[in-house]
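Visitor: Before I ask anything, here is the structure I am working with.
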Amino acid sequence: MATYRRRQVWLRSRHAVVALVVFGSLAYTIAATLGNASGRLATVSTPQAAAPDCEASASACGGPVTRPELAPAPPPPKPRSVSSASTDNVGEAGIANIDVAIGFVDGTVIPPGGTFSFDDVARSWDYKEDERYLWGLATAVRGPIWMRGGGVCWVSTAIWRAALEAGLPTGLREAHYGLVTSLGPGLDATNTLVVENDSELPVKIRVWRDDDAVFAALFADGSLGRKGRIEGPIALGRGVYTAYQHVTWDDGREHVSEFSSRYYW
């Protein structure tokens, strides 16, 4: 009796499995038939992998990425003139004062028809100097003296020489009372210096220093319409020297300016 019951259970389980298989096959057949009736096959949708970003990674595409070339940066403007003044034998106070003056003067723009006063911009008026200047050596008729701001004349000298080479007029310039060896005779300028801009363009003054010299350069967005040339200095005896500025305009005009210097010691 027990054997008969176990056989009945086994047959019922088998019939259930067969029924499931038959039902699954029938469902698939119906789905395929409906898909064919609508003109397309029933498919299973699977997520697609994203396309590789060739711009972000060259290796993802199997080779280097070709990028558009950037236009080259325009070259920096050329200065109208560059000049320098040697800082040989300048003491620590003098170097410190040079740096203070550069901080005041560098980047100054002389407008068309305007003037540049070194004293006004560098704040180096005699006996009214800016308190940031240290006490240093300066020159007087009877010899060296101590004065606040001693050393700024290396900056004014470099600027004056650059102005001469650019062909700009000098409104006022004073030489030292005594010969400053590292500046040389005839082409030095004290803090009392005025440069004029008689061109139609603004002129920018740039000044900097390295271990050996102070440099000055004048920039303008175009031609100033002339070229300058320095002749001399020429020694005339008894501490007197003469230097000349030759200016040739683009239209052929020429002009010569004479600058005299006398050194008492």
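The values are calculated or read from the model by the stated rules, or taken from the named source; none is laboratory data. Fair warning: this is a prediction, and the values are worked out from it, not measured in the lab. Don't worry about glycine lacking a Cβ; one is built from the backbone with ideal geometry, like all the others, and counts go over all protein chains shown.
Visitor: Restrict the check to the range 161-175 and report whether at least one residue is touching a Gly at 6+ places or on another chain (Cβ under 9 Å), more than 21 Å from Ile95 (Cβ to Cβ) and either assigned to a strand (DSSP E or B) or not hydrophobic (A, V, I, L, M, F, W, C) (or both).
Guide: There is at least one residue in the range 161-175 that is touching a Gly at 6+ places or on another chain (Cβ under 9 Å), more than 21 Å from Ile95 (Cβ to Cβ) and either assigned to a strand (DSSP E or B) or not hydrophobic (A, V, I, L, M, F, W, C) (or both).
Visitor: What's the number of the condition Ile102 fails, among (1) under 18 Å from Ile205 (Cβ atoms); (2) modelled with pLDDT under 95; (3) β-branched (Val, Ile, Thr)?
Guide: Going through the list (1) under 18 Å from Ile205 (Cβ atoms); (2) modelled with pLDDT under 95; (3) β-branched (Val, Ile, Thr), Ile102 breaks only (2).
Visitor: Let me ask you something else. Given the residues Ile98, Ile145, which is the only one that is part of a helix (DSSP H, G or I), of a type in the set (Val, Ile, Thr) and touching a strand residue (DSSP E or B) at 6+ places or on another chain (Cβ under 7 Å)?
Guide: Every option except Ile98 fails the conditions.
Visitor: Given the conditions (1) over 28 Å from Asp198 (Cβ atoms); (2) surrounded by fewer than 15 Cβ atoms within 10 Å (Cβ to Cβ), which single one is not true for Val109?
Guide: It is condition (1) that Val109 fails.
This table checks each residue for (1) assigned to a loop (DSSP other than H, G, I, E, B); (2) under 32 Å from the mean Cα position of the chain (by Cα).
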position: Phe215; (1), (2): no, yes
position: Ser223; (1), (2): yes, yes
position: Pro233; (1), (2): no, no
position: Leu236; (1), (2): no, no
position: Tyr241; (1), (2): no, no
position: Tyr244; (1), (2): no, no
position: Val247; (1), (2): no, yes
position: Val256; (1), (2): no, no
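Visitor: Report yes if Glu254 is modelled with pLDDT of 95 or more and touching a strand residue (DSSP E or B) at 6+ places or on another chain (Cβ under 9 Å), otherwise no.
Guide: So Glu254 passes the test.
Visitor: Go through the range 130-142 and report how many residues are part of a loop (DSSP other than H, G, I, E, B) and closer than 18 Å to Tyr177 by Cβ.
Guide: 2
Visitor: Next up: Among all residue pairs at least 6 apart or on different chains, which show Cβ distances below 6 Å where the first residue, located in the range 123-137, is under 17 Å from Val194 (Cβ atoms) and the second is part of a loop (DSSP other than H, G, I, E, B)?
Guide: Between residues of the range 123-137 that are under 17 Å from Val194 (Cβ atoms) and residues that are part of a loop (DSSP other than H, G, I, E, B), the close pairs are Arg123/Asp130; Ser124/Gly149; Ser124/Val152; Ser124/Asn191.
Visitor: Search the range 66-89 for residues that are more than 27 Å from Ala166 (Cα to Cα) and pair each with any residue that is at pLDDT 80 or above when their beta-carbon atoms are under 8 Å apart and the residues are at least 6 apart or on different chains.
Guide: Asn89/Thr181; Asn89/Ser182
Visitor: While we're here: What is the residue count in the range 224-238 for residues that are exposed (fewer than 14 other Cβ atoms within 10 Å of the Cβ) and touching a residue at least 40 places away in the same chain (Cβ under 8 Å)?
Guide: 3
Visitor: Can you tell me which residues in the range 195-218 are surrounded by fewer than 19 Cβ atoms within 10 Å (Cβ to Cβ) and more than 13 Å from Thr87 (Cβ to Cβ)?
Guide: Correct list: Glu196, Asp198, Glu200, Leu201, Pro202, Lys204, Arg206.
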